[in-house]
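Written below as structure tokens is the structure these notes are about.
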Amino acid sequence: MADAATLPVLLRQLRLPTIAACWQDTSDRAVAQGWSLPQTLATLCEYELAERERRRLARHLKEARLPAGKTLERFEFEAVAGADRTRLSTLACDTDWIDNAHNLLLFGPSGVGKSHLAAAIGHALIEQGLRVRYVPASTLVQQLQTAKQELRLADALGKLDKYRLLIIDDIGYVKRSEAETSVLFELIAHRYEANSVLITSNQPFSAWDSVFPDDMMAVAAIDRLIHHAHVFELSGESYRKRTYNQQRKEVNSDN
């Protein structure tokens with residue numbers, strides 16, 4: 001029969017740190033309340049699983065690099081035309097579109113909340129167990145271009161495959177050479193019908209000749225993105241402008 005004194009060592013060897021930390025208190029409570037052995041064991045297992053889930057969520061949130069504090073609850077839907085609360089909430093809660101490698105495209109002028117919505121949806125999907133990565137388009141292009149120059153583009157694209165959703169923010173601001181934006185096209189082609197992308201852009205598709213200098217590349221990229229996509233066209237006053245106007249009203253009302 002095993003010596004109870006060896007239990008902490010055994011639990012560490014089995015990589016059960018939460019049970020190792022709380023088994024004594026749980027055992028004392030079980031004795032005091034008359035729990036059966038299966039009930040006690042089930043309680044300890046629940047603690048371990050809950051802590052693992054907490055650590056997994058924290059790890060995935062950290063690697064996602066999402067802007068902080070962006071949730072659907074904090075988004076001002078009433079101020080932005082085209083921001084369908086019901087549809088966006090469904091996309092945040094239902095992972096079917098991710099399972100089917102569909103895309104989500106958010107268009108609209110600067111300040112209407114495209115990045116906020118993208119981050120909020122990413123956060124909601126992480127809470128459902130998916131891995132997400134958020135990256136500004138300009139940063140992504142630079143990273144992929146460097147990888148291509150070092151002859152490791154295929155490896156760089158493969159590493160992004162671990163993310164079920166890749167959020168590419170502000171693609172409309174990518175105005176670079178054909179050599180640089182070609183890697184963006186390669187990413188879009190690589191993920192087509194394999195993994196989802198969420199793209200925000202201040203430029204409609206009709207103006208994407210500024211993103212992709214080659215017209216054929218622009219058409220091919222748009223074709224792949226739109227094939228299986230949920231598209232939202234947002235409009236309204238800039239959030240920063242609304243905030244400024246509200247502050248002015250408050251100042252004037254105090255005078």
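Helix 178-191 and the long axis of the chain differ in direction by around 50°, with both axes built from C-alpha atoms. Computing Rg and Dmax of the Cα atoms in Å for the structure here picks out one of [x] 16.6, 48; [y] 17.2, 52; [z] 24.2, 81, namely [z]. Built from the Cα atoms of segment 1-134, the convex hull projects on average onto 12.3 nm², one quarter of its surface area. Taken about its Cα centre, the chain carries a charge dipole of roughly 580 debye when the Cβ of each Lys and Arg holds +1 and the Cβ of each Asp and Glu holds -1.
Under a plain spin-label model, where a point goes 7 Å from the Cα along Cα-to-Cβ, how far apart in nm are Ala4 and Ala220? According to this spin-label approximation, the distance is 7.0 nm.
Mind telling me which of Ser235, Ser27, Ser89 comes out most flexible in a GNM of the chain, alpha-carbon contacts under 10 Å? The residue with the greatest mean-square fluctuation here is Ser27. Residues whose amide H comes within less than 5 Å of that of Gln203, counting only those at least five positions distant or on another chain, are Gly108, Gly172 (H built at 1.01 Å from N in the peptide plane). Taking only C-alpha pairs under 8 Å that are 6+ residues apart, what is the relative contact order of segment 44-143 in percent? Reported as a whole number, the value is 42 percent. Each of His228 and Ala189 was given a label point 7 Å from its Cα along the Cα-to-Cβ line. The distance between the two points is 1.9 nm.
The string of couplings for segment 153-161 from the Karplus curve (6.51, -1.76, 1.60, θ = phi - 60°) is 5, 4, 5, 5, 5, x, 5, 6, 5 Hz, one whole number per residue in order, with x for Gly and Pro.
Annotation: aspartates and glutamates with alpha-carbon distance below 16 angstrom to Lys62 (same-chain offsets under eight excluded): Glu53, Glu127. Over 10 Å intervals from 0, what percent of Cα-Cα pairs in segment 124-165 sits in each interval? All Cα pairs, binned at 10 Å, distribute as 27, 46, 22, 5 percent.
The residue among Gln143, Ser177, Phe205 whose Cα reaches farthest toward the positive pole of the charge dipole of segment 137-222, with charges on the beta-carbon of Lys, Arg, Asp and Glu, is Gln143. Sorting the segments 62-72, 48-58 by their residues' average number of neighbouring beta-carbon atoms within 10 angstrom, most packed first, yields 62-72, 48-58. Applying 1/(1 + (r/R0)^6) with R0 = 30 Å to the Cβ-Cβ distance of Tyr173 and Leu61 gives a FRET efficiency near 0.70. Can you give the angle from 0 to 90° between the axis of helix 17-33 and the longest principal axis of the chain, with both taken from C-alpha atoms, to the nearest 10? For 17-33 against the chain, the angle is about 50 degrees. Radius of gyration (Cα atoms) of segment 4-63, expressed as a multiple of 2.2 N^0.38 Å: 1.27. Summing charges over neighbours of Leu16, with a neighbour being any other residue whose Cβ is under 11 Å away from its Cβ, gives +1 when K and R count +1 and D and E count -1.
Segment 86-143 and segment 1-77 have Cα centres spaced 30 Å apart.
The numbers here are math on the coordinates, done by the rules we state, and not lab data. Predicted, not measured: the structure shown is a model, and the values here were computed from it. A quick note on method: Cβ atoms are made from the backbone with ideal geometry, for glycine too, and the neighbour counts reach across all protein chains shown.
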